[in-house]
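The values are calculated or read from the model by the stated rules, or taken from the named source; none is laboratory data. A quick note: this is a predicted structure, and the numbers were derived from the prediction, not measured. With ideal geometry, Cβ positions are generated from the backbone for all residues, glycine too; neighbour counts draw on all protein chains shown. In case anyone asks, the SASA skips ligands and DNA or RNA and just uses the protein heavy atoms, side chains included. Shrake-Rupley method; radii C 1.70, N 1.55, O 1.52, S 1.80 Å.
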Amino acid sequence: MKYSLAVSSCTSGLHLALAAMGVGPGDEVIVPSYTFVSTVNAFVLRGAKPVFIDIRPDTMNMDETKIEDLITERTKVICPVHYGGVACEMDTIMEIAEQYNLLVVEDAAQGVNATYKEKYLGSIGHLGCYSFHETKNFI
């Protein structure tokens, strides 16, 4: 991680990440169907359209095998949410993002200090957001 910025919440971090990436009206963001409403609100507040992807029953995370079916010419971002600190399949997600020239914003609100193949969650995508709220894994 080269840079970091402290904000009031992961939601605020997601909102700033999207603003920095130029996400706005008409853009589509692939987000898991099982997530906290704040994740999706960050995209909607920027005018982007959330495109919900099914989750894997074994991890409760987005099903990486279904991402490509949802990509359109309007897709700009894939937002993996590391539910409960369980890592999404980031190698596959990053490969798809590179192939289709998409950005990856990790919602690692519940992934503080958790890893995927020895890399910290939130540090694998183009941007990552954490939360230190009292109900999270690390406060």
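Take every pair of alpha-carbon atoms less than 8 Å apart whose residues are at least six positions apart; their mean separation over the length of region 17-119 yields a relative contact order of 26 percent.
Placing +1 on each Lys and Arg Cβ and -1 on each Asp and Glu Cβ, with no other charges, gives the chain a dipole about its Cα centre of roughly 500 debye.
The packing ranking of peptides 55-62, 20-27, highest mean first, is 55-62, 20-27, where packing means the average number of other beta carbon atoms within 10 angstrom of each residue. Per-residue ellipticity at 222 nm, computed for the chain from helices alone with -39500 (n - 2.57) per DSSP H run of at least four residues, works out to -7000 deg cm²/dmol. The Cα center of region 1-48 and the Cα center of region 66-113 differ in position by 13 Å.
A 1.4 Å probe, protein heavy atoms only, puts the accessible area of C10 near 10 Å². In loop segments of region 38-131 as defined by DSSP, the GluC sites (Glu not before Pro) with at most 12 further C-beta atoms inside 10 Å of their C-beta are E73, E118.
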